[in-house]
Amino acid sequence: MKKEYIRKTLFTIVISFCVSTLMAQHRVIILTDVENEPDDTESLVRLMLYSNEIDIKGIVATNSTHMRDRVVPETIHKVIDAYAQVRDNLLLHAKGYPEADYLHSIVKKGSTLYGMKGVGEGKDSEGSNWIIQELQRDDERPLWICAWGGVNVLAQALFQMKSTKSAKEMQWLLKKLRVYTISDQDDTGIWIRRTFPELFYIVSPGGYGHATWVGIHAVEDGADNEVISNRWLAENIQQGHGPLGACYPDVAYGMEGDTPSWLSLIPNGLNAPEHPNWGGWGGRYEYFKPNREDCDLNGFTGNVPIEDEPHAIWTNAIDHFRPFIASDYGCAVKRSEQECSGYTATVWRWRTDFQNDFAARMDWCVKPKDDANHPPVVVIDCANEIRVKSGEHFVIEAEKSYDPDGDSVSYLWFCYPEAGCGKMIEVEGSPNIHKAGFRAPKVSKAEDYHIILRVTDKGTPTLKSL
């Protein structure tokens, strides 16, 4: 699976192909206010299916503004128990699924004190100590903290390290840390950003209605809304897919609002989590200081105050695009007449892809390998980096791409301008054949262009690789 992007230097275009399967797994600790509402449990079920793709180092039960005085690790263990019953079948389809005993061993409790009341001298918890232990481990990979609720467990870990480490040690530890929080669900998020301005931090501050992550479940014009319907979830996830699917609760408010925090860690060829501005299944984010008045001041926050941001953060970005739709005759696909845009579009533009991938993996829980679908494999005839002169014509060939199940495959080439310089570069001729030609724009300064190849099989559910 690959993502293709064009990076352009002065009078030169560089095409780079990121081969995800050769990259080390991203290590992550999840912070979840599970049992605040059903969506955390939904996200845990999906997380189990990708535990072979992501190196899960901890799952910490936390509180939040929505559940201030308790933590519920028991629900995490319940989901892991269901995973244990389907793990052997998952291993028929893909390697690397961890033992359930290991996952049980990394479930930890956070503080039952809300927000900043749980931060300070003598307020360590299993969760905060576990973050410190993992962050100090001899591992060159960054440690991602994906927070589905409050972040006082992380705040306490940072407080404790700041109190006990030298400035040099603290700087080194902060450089290894990456944080994605699903909005601010307690008052420690803004404290962290004020106290540790150098920290890599992704968040949509303010009212939830203006948050990027809402794109996973928002019903939008131009989006594939069927794949988030209750009927689709019942048929493809909850019913007839074994004990793990049966653990997936009905939606109460919004489906899996926490899942975007880690979707971009899946090595699917598109995702590049160190570059949030490139976009991916978890959305696209830009680095700037948001204005408080733009943060949906009257929107729902669970009574967490909306404060001025002290500095730039990774936050909401806007995509503008016209989706490709199926055509009955002639070219198999065509551009929709409708242009879509907004923060949430950076997530839901990929929604059919990640929902079908989810459904396929849920099939892996119960079906033999020959009866289930598996993603196609993208093969490009180029080296990882190709330099193209300004104004030069170039061709990319992907004819050797294939499907491991023997299904027919389709091709689609398209530009993702917001991930680069903001300008479009068009495919010469049809965008849906295995060979694509392009004319490099004439440039007088360094600019970036991102071109993506999506290969789709015709299995059930239909799967796409990039």
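The values are calculated or read from the model by the stated rules, or taken from the named source; none is laboratory data. Everything quoted here is computed from the prediction, not taken from an experiment. Note that each Cβ is placed from the backbone with ideal geometry, even for glycine, and that neighbours are counted across all protein chains shown. Side chains are part of the model used for accessible areas, which takes the heavy atoms of the whole protein and leaves out ligands, DNA and RNA. Shrake-Rupley method; radii C 1.70, N 1.55, O 1.52, S 1.80 Å.
Worth a mention:
- Cα pair distances in region 58-99, grouped into 10 Å bins until the bin that holds the longest one, percent each: 24, 38, 22, 15, 1
- Normalising the Debye intensity of the chain to I(0), with uniform scatterers on Cα atoms only, and taking log10 at q = 0.06, 0.07, 0.09 Å⁻¹ returns -0.26, -0.35, -0.60.
- Percentage of interatomic Cα-Cα distances in region 241-380 larger than 20 Å: 64
- Ranked from largest to smallest solvent-accessible area, with a 1.4 Å probe on the protein heavy atoms, 408, 125 come out as 408, 125.
- Debye intensity ratio I(q)/I(0), log10, region 105-243, q values 0.17, 0.19 Å⁻¹ (C-alpha model): -0.96, -1.08
- Accessible-area ranking of 195, 32, largest first, probe 1.4 Å: 195, 32
- Whole-number D in µm² s⁻¹ for region 311-448, Kirkwood Cα-pair radius fed into Stokes-Einstein, 25 °C, 0.890 mPa s: 136
- Hull volume in cubic angstrom per residue (convex hull over the Cα atoms of region 409-466): 76
- What the phi angles of region 353-363 give under the Karplus curve with 6.51, -1.76 and 1.60, with θ = phi - 60°, is a coupling list of 4, 7, 6, 5, 5, 4, 4, 5, 5, 5, 4 Hz, glycine and proline written as x.
- Label-to-label distance, nm, for residues given as residue 69 and residue 327 (7 Å Cα→Cβ offset): 6.3
- At 0.692 mPa s and 37 °C, Stokes diffusion of region 197-278 via Kirkwood alpha-carbon radius, µm² per second: 218
- Nearest-ten-degree value, helix 152-164 long axis tilted from longest Cα axis of the chain: 70
- Calculated accessible area for the chain comes out at 41 Å² per residue, all protein chains present (probe 1.4 Å; ligands, DNA, RNA ignored).
- Reference-scaled alpha-carbon Rg (2.2 N^0.38 Å with N residues) for region 384-425: 1.58
- Residues whose amide H lies under 5 Å from that of residue 377, counting only those 5 or more places away or on a different chain, are 402, 403; hydrogens are built 1.01 Å from N in the peptide plane.
- With 5 Å bins beginning at zero, the pair-distance distribution over Cα atoms of region 134-204 amounts to 3, 16, 30, 28, 16, 6, 1 %.
- Taking the square roots of 5 times each eigenvalue of the Cα gyration tensor of region 47-166, largest first, gives ellipsoid semi-axes of 28, 18, 10 Å.
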